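Undergrad: Here it is: the structure, laid out below.
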Amino acid sequence: MTKIESISAERLEMAFAAIAPVLPRTFPQAAKQTYSLERLAEALVKLRQPLERAKLTGGLMNPWAIAGLKRDEVRNAAALAGLWQTAFGGDASRRFLAEYLQIAIEGIAWDDELRGGYQISTEVCPIGDRTDRVDLVVETKGYVVGIEVKIDALMGRKQLERYLVSINRRATLRKAKAFVVLLAPFRSPIAEVSSTSWSDVALAARVASKSADDSRTFIAQFIAAFGDHVSRF
């Protein structure tokens, strides 16, 4: 027989009697209900019609979630480049890009600059070296802006330094001014590169989609939805 089994019932009774004075005599009660079930039911009824309208107009699902971009850097960079093209969204696309560049590089009237014409390229090797492939390059008459896109990946060794050299050489050939911008959930490790976040992209998308008469169009809604999609990065 073990030591525990040898303890008699009488001794256990004496032990519990001894500790009884310090044991709690009340039991926890359920939290007090501070809301009205009737009012909650009324609120749900009132929400029914707006939700049905949202379903009919496609307002309950983000199209970019359906597109399967997820957190893929290449796909999201390509989608961003497409949304910035005037061939896709006209003035709405230009405003989206202008709002983002205004956040990334202050002191330049980007909307006016972009009105003079611009082009966007993806996966660019500015001086032909495949090791220096910049995710996005925006070129206007006076500027060359290289944008490196990161979501989950980390920076490569001297990556931004190499991009600075490449973009500067490309800008020099075009007699333009060069900038390099990092679009990532972390800040640039070097001062020469401007830091922006995906929240900045989301903000630019919201402002651009609400800033003109076409704020209710499909294009504006598509841009706003992309902002919602990337805001979680």
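Undergrad: What are the pairs, 6+ residues apart or on separate chains, where a residue within segment 63-81 that is touching a residue at least 24 places away in the same chain (Cβ under 8 Å) and more than 13 Å from PHE233 (Cβ to Cβ) has its Cβ under 6 Å from a residue that is small (Gly, Ala, Ser) and surrounded by 14 or more Cβ atoms within 10 Å (Cβ to Cβ)?
TA: PRO63/ALA225
Undergrad: Any residue in segment 171-188 that is free of Cβ contacts under 8 Å to residues at least 24 places away in the same chain and farther than 16 Å from TYR143 by Cα sitting within a Cβ distance under 9 Å of a residue that is of a type in the set (S, T, N, Q) and surrounded by fewer than 17 Cβ atoms within 10 Å (Cβ to Cβ)? List the pairs, counting only those 6 or more apart or interchain.
TA: ARG187/SER195
Undergrad: Something else: Any chance you could count how many residues in segment 105-121 are open to solvent by 10 Å² or more (accessible area, probe 1.4 Å) and in a helix (DSSP H, G or I)?
TA: Within segment 105-121, residues that are open to solvent by 10 Å² or more (accessible area, probe 1.4 Å) and in a helix (DSSP H, G or I) number 4.
Undergrad: Let me ask something additional. Within segment 149-176, how many residues are open to solvent by 80 Å² or more (accessible area, probe 1.4 Å) and in contact with a helix residue (DSSP H, G or I) (Cβ under 6 Å, 6 or more places away or on another chain)? Explain how you work it out, then say what you get.
TA: Restricting attention to segment 149-176, the residues satisfying the condition of being open to solvent by 80 Å² or more (accessible area, probe 1.4 Å) are 152, 154, 157-158, 162, 169, 172-175.
From the residues that got through so far, the ones that are in contact with a helix residue (DSSP H, G or I) (Cβ under 6 Å, 6 or more places away or on another chain) too are none.
Total meeting the criteria: 0.
Undergrad: I would also like to ask the following. For the condition assigned to a helix (DSSP H, G or I), among the aromatic types (Phe, Trp, Tyr) and open to solvent by 70 Å² or more (accessible area, probe 1.4 Å), what is the one hit in PHE96, PHE88? Before you say what the answer is, go through the steps one by one.
TA: On the way: PHE96 fails: open to solvent by 70 Å² or more (accessible area, probe 1.4 Å).
Every option except PHE88 fails the conditions.
Undergrad: How many residues, within segment 177-203, are open to solvent by less than 70 Å² (accessible area, probe 1.4 Å), more than 15 Å from VAL144 (Cα to Cα) and of a type in the set (A, V, I, L, M, F, W, C)?
TA: Qualifying residue count, segment 177-203: 7.
Undergrad: Give all pairs with beta carbons closer than 7 Å in which a residue from segment 151-169 that is under 20 Å from VAL74 (Cα atoms) meets a residue that is hydrophobic (A, V, I, L, M, F, W, C) and at pLDDT 95 or above; count only pairs at least 6 apart in sequence or on separate chains.
TA: Pairs that qualify, where the first residue is under 20 Å from VAL74 (Cα atoms) and the partner is hydrophobic (A, V, I, L, M, F, W, C) and at pLDDT 95 or above, are LEU160/VAL180; LEU160/LEU182; LEU160/ILE190; LEU160/VAL193; TYR163/VAL180; ILE167/VAL144; ILE167/ALA178; ILE167/VAL180.
The values are calculated or read from the model by the stated rules, or taken from the named source; none is laboratory data. Just so we're clear, the structure is a prediction, and the values are computed from it rather than from any experiment. Please note: Cβ atoms are built from the backbone with ideal geometry, for glycine as well, and neighbour counts cover all protein chains shown. Calculation scope for accessible area: heavy atoms of the full protein, side chains included, ligands and nucleic acids excluded. Shrake-Rupley method; radii C 1.70, N 1.55, O 1.52, S 1.80 Å.
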